[in-house]
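Input: a single structure, listed below in structure tokens.
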There are 2 protein chains.
Amino acid sequence: MQFKPDAIVYLGQMPSAPYSMKGVEEAIYTQHDNILGNLTTLWAMKEVCPDAHLLKLGTMGEYGTPDCEIPEGKFPSGASWFNQNTEHVGNLGGMTFPRQAGSWYHQSKVHDTHNVEMACRIWGLRSTDVMQGIVYGTHIDEMEEDPDLRTRFDFDECFGTVIHRFCSQAVAELSLTVYGSGKQIRGFLPLKDSIHCLELALENPPEFGEYRVFNQLAYSQSIARVAIQVRDAALSVGIQATIGQTGNPRVESETHKYAVSCNNLKYLGYTPSYDLPTDLQAMMTKLKPYKSRILAYRSAIDPKTTWK
Amino acid sequence: MQFKPDAIVYLGQMPSAPYSMKGVEEAIYTQHDNILGNLTTLWAMKEVCPDAHLLKLGTMGEYGTPDCEIPEGKFPSGASWFNQNTEHVGNLGGMTFPRQAGSWYHQSKVHDTHNVEMACRIWGLRSTDVMQGIVYGTHIDEMEEDPDLRTRFDFDECFGTVIHRFCSQAVAELSLTVYGSGKQIRGFLPLKDSIHCLELALENPPEFGEYRVFNQLAYSQSIARVAIQVRDAALSVGIQATIGQTGNPRVESETHKYAVSCNNLKYLGYTPSYDLPTDLQAMMTKLKPYKSRILAYRSAIDPKTTWK
């Protein structure tokens, strides 16, 4: 075999939670492609390049919103399980932290997590699994102004994530649709941080046999706060945006803890950036020329896919 | 829709760990059929009979052999996570207990666990997921002597489980092949107990929206002890069996804790039976007439599938 990669960056998965909830065909498509594509990759690595580093994307959504701190993938060393009488029951250190995913898409990533962890444990492969927050932005400096390098930008209810949807709605003079109370807290990071973190992971591969998890986010905040920031940034580029509300189409907790441990990337030198207002202004400035195109797909923005 | 089942007993899965480890085709086949068959069933229930009770089989192998007690599927209410300084970190009660499966087959069951748990949590379906130990035996009283009701009996390295393989080897005058040290501990139960437990589950369905887990086994013991009991039972039916040993073809811990909580079925009235010696004698007596058929497939018994 002539081709022996040092690393495999595996980003090729179906990425939409609402799409996976539309119906049985979409759910099957999601789990079929994501789980089996990943499983085939593990077998290919075992047979061709068992020393390579598999860098893949999970999602912060794997964890759901548990009533406790969210560690990086596993219970840290020294973790113990105590019962209600504060008696020690057993050791948990190194075990996979329980996942509570909320869509068939998020479940597909949970299944990948378990499959990759086993391939590392049993076959001695090595992998970095990145539990990524919600990425926003369309540009990194390395792209310069080359239009061929521009990223895909989705703003529909299925594939468009919340910041992209809100910015598109603002530009098109549609109300920003906050789902439910907007008190849901999520982790976010700009595209440039996401790419930088992948770079850090590749430059610092895990040990052979190690299944390493990074929680990758720059900061956490509520969806309601995101809406306010989009409205304010819109105003600064001459757009009068309004914040609307809609019943939550998803089944999810709207009041919850969100204490995420994310030190592994910081140990490798990652400094989270926080310039959401500037990023929002830049994004909306770039979107403005496409206002009519957004309006042409207006019916694709409002949520139609429900979880029930 | 005319047909509205009260319960769905779902036993239709690819059940072999070694088969799933043979190669990429077998691994894909296993996860494709098991995960997507189960996922399709969940969608069918949602659309046709959301009140029905899904009774399905998981496996004790989902848990692996953790360094702590194995609860019934979830951390019990009141469970807490403490760090190495004995400080309280958070609440774990009700969260899925971490799984450490050791084959692609066992992983497929772990993935089912997560998918079914979500269908109960989000769609309000209800399910009993039975983490079953190793079932042995070919007969329950209700079959009487009707040969058409006899169960399938596998004794090959892939689909034959340890007690069935040992009994077949004894009858065919082949050494009983203990994998590795034989110190591995597993949970076992006779077929009659397995069927009785399914009956108890059906008679006592869970609440709507409940994902209920039963750890189903009559007793736990080491593989080496199973071999000794097969040898002794063989002697009592006139067969001189010898215990052999082979390198362990699997990647698994051979020295480990195995403290399984299994109270949920006992609450419903299950009394584990323990008459392995009698069962072994009965099984080998029934197998004796087929000695030549076992010998004809002799090459299928010794382990050829390795985990590496």
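The values are calculated or read from the model by the stated rules, or taken from the named source; none is laboratory data. Just so it is clear, the structure is predicted and the values come from calculations on it, not from any experiment. Cβ atoms come from the backbone with ideal geometry, glycine included; neighbour counts cover every protein chain shown. For accessibility, only protein heavy atoms count, side chains too; no ligands or nucleic acids. Shrake-Rupley method; radii C 1.70, N 1.55, O 1.52, S 1.80 Å.
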Subject >> Whole-percent pair-distance distribution, where bins are 5 Å wide, for the alpha carbons of segment B:163-280 >> reply: 2, 10, 18, 17, 16, 14, 10, 7, 3, 1, 0
Subject >> Test item: Cα-centred dipole of chain B, Lys/Arg +1 and Asp/Glu -1 on Cβ, debye >> reply: 780
Subject >> Cβ-vector label at 7 Å, A:ARG150, separations to other copies in nm >> reply: 7.2
**OP:** Mind grabbing the accessible area of A:PHE208 for me, 1.4 Å probe, Å², rounded to tens?
**Re:** 130
**OP:** Determine the sum of side-chain charges near A:GLY23: Lys and Arg each +1, Asp and Glu each -1, restricted to other residues whose C-beta is under 14 angstrom from that of A:GLY23.
**Re:** +1
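Rule-of-thumb check for chain A: C-alpha Rg over 2.2 N^0.38 Å?
Details: Rg = 20.2 Å, N = 308, 2.2 N^0.38 = 19.4 Å.
Cα Rg divided by the expected 2.2 N^0.38 Å: 1.04.
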**OP:** Please work out, to two decimal places, the log10 of the ratio I(q)/I(0) at q = 0.07, 0.09 Å⁻¹ from a Debye calculation in which every Cα of the protein assembly as shown carries one identical scatterer.
**Re:** -0.49, -0.78
Original post:
Counting only protein heavy atoms, what percent of the accessible surface of chain A is carbon or sulfur at a 1.4 Å probe?
Top reply: 51
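Hey, can you find the accessible area per residue of the protein assembly as shown for me, probe 1.4 Å, expressed in square angstrom? Don't skip to the answer; put the middle values down first.
Numbers: 26090 Å² over 616 residues.
Value returned for the protein assembly as shown: 42 Å² of accessible area per residue.
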Original post:
Ignoring ligands and nucleic acids, what accessible area does A:LEU11 show with a 1.4 Å probe (Å², nearest 10)?
Top reply: 90
**OP:** Can you tell me the 0 to 90 degree angle between the C-alpha axis of helix B:191-203 and the longest principal axis of chain B, rounded to 10?
**Re:** 20
Subject >> Ranked order, B:SER20, A:SER220 - accessible area, probe 1.4 Å, largest first >> reply: A:SER220, B:SER20
Original post:
Shortest first and in nm to one decimal, what separations exist between B:LYS266 and its copies in the other chains, measuring from label points 7 Å along the Cα-to-beta-carbon line?
Top reply: 4.6
Original post:
For labels at B:HIS88 and B:SER175 in the simple 7 Å Cα→Cβ model, what's the distance in nm?
Top reply: 5.7
Original post:
By what distance, in whole Å, do the Cα atoms of segment A:1-153 stretch along each of the three principal axes, largest value first?
Top reply: 62, 40, 37
Subject >> Inter-site label distance for A:TYR29 and A:TYR274 at 7 Å from Cα along Cβ, in nm >> reply: 3.9
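Are any of the pairs A:LYS56/B:LYS257; A:LYS4/A:LYS74; A:LYS22/B:LYS4; A:LYS257/A:LYS304 more than 25 Å apart by Cα-Cα distance, and if so, which?
On the way: A:LYS56/B:LYS257 33 Å; A:LYS4/A:LYS74 30 Å; A:LYS22/B:LYS4 23 Å; A:LYS257/A:LYS304 28 Å.
From A:LYS56/B:LYS257; A:LYS4/A:LYS74; A:LYS22/B:LYS4; A:LYS257/A:LYS304, over 25 Å: A:LYS56/B:LYS257; A:LYS4/A:LYS74; A:LYS257/A:LYS304.
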**OP:** Provide the buried accessible surface between chains A and B in square angstrom, both chains summed, 1.4 Å probe, rounded to the nearest 100.
**Re:** 5100
Original post:
Among B:THR246, A:THR242, what's the order by accessible area (1.4 angstrom probe), most exposed first?
Top reply: A:THR242, B:THR246
**OP:** At most 11 other Cβ atoms within 10 Å and a DSSP loop assignment: could you name the GluC sites (Glu not before Pro) in segment B:60-102 that fit?
**Re:** B:GLU87
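Inside 10 Å of the C-beta atoms of A:83-91, what's the mean count of C-beta atoms belonging to other chains?
Numbers: counts 8, 6, 1, 5, 0, 3, 8, 8, 4.
Per residue, the average neighbour count from other chains is 5.
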Original post:
Going by alpha carbons, how many degrees (0 to 90, nearest 10) lie between the helix axis of A:223-236 and the longest principal axis of chain A?
Top reply: 40
Original post:
Excluding ligands and nucleic acids, what accessible area in Å² is computed for A:ASP193 using a 1.4 Å probe, to the nearest 10?
Top reply: 10
**OP:** Using only Cα atoms, tell me the angle between helix A:24-48 and the longest principal axis of chain A; keep it within 0 to 90° and round to the nearest 10.
**Re:** 40
**OP:** Measure out, as a whole number of angstrom, how far apart the alpha-carbon centroids of segment A:251-270 and segment B:10-63 sit.
**Re:** 32
Subject >> Hits among aspartates and glutamates - C-alpha to C-alpha of B:LYS308 under 18 Å, sequence gap 8 or more where chains match >> reply: A:GLU47, A:ASP51, A:GLU117, A:GLU210, B:GLU25, B:GLU26, B:GLU157, B:GLU252, B:GLU254
Original post:
Of all chymotrypsin sites (Phe, Trp or Tyr not before Pro) in segment B:241-308, which ones are in loop regions per DSSP and have a Cβ with at most 15 other Cβ atoms within 10 Å?
Top reply: B:TYR274, B:TYR297, B:TRP307
Subject >> Selection of GluC sites (Glu not before Pro), segment A:189-253, meeting DSSP coil and at most 12 other Cβ within 10 Å >> reply: A:GLU207
Original post:
Two-decimal Rg/Rh of segment A:116-221 from alpha-carbon positions, Kirkwood Rh?
Top reply: 1.07
Subject >> Label-to-label distance, nm, for residues given as A:MET143 and B:ARG150 (7 Å Cα→Cβ offset) >> reply: 6.8
Original post:
Quick one: putting +1 on the C-beta of Lys and Arg, -1 on the C-beta of Asp and Glu, what dipole do you get for segment B:191-231 around its Cα centre, in Debye to the nearest 20?
Top reply: 440
Original post:
Nm distances between the label at B:SER77 and the same-position labels in the remaining copies, 7 Å along Cα→Cβ, shortest first?
Top reply: 3.7
Original post:
Can you give me the relative contact order of chain A as a percent, contacts being Cα pairs under 8 Å and 6 or more apart?
Top reply: 23
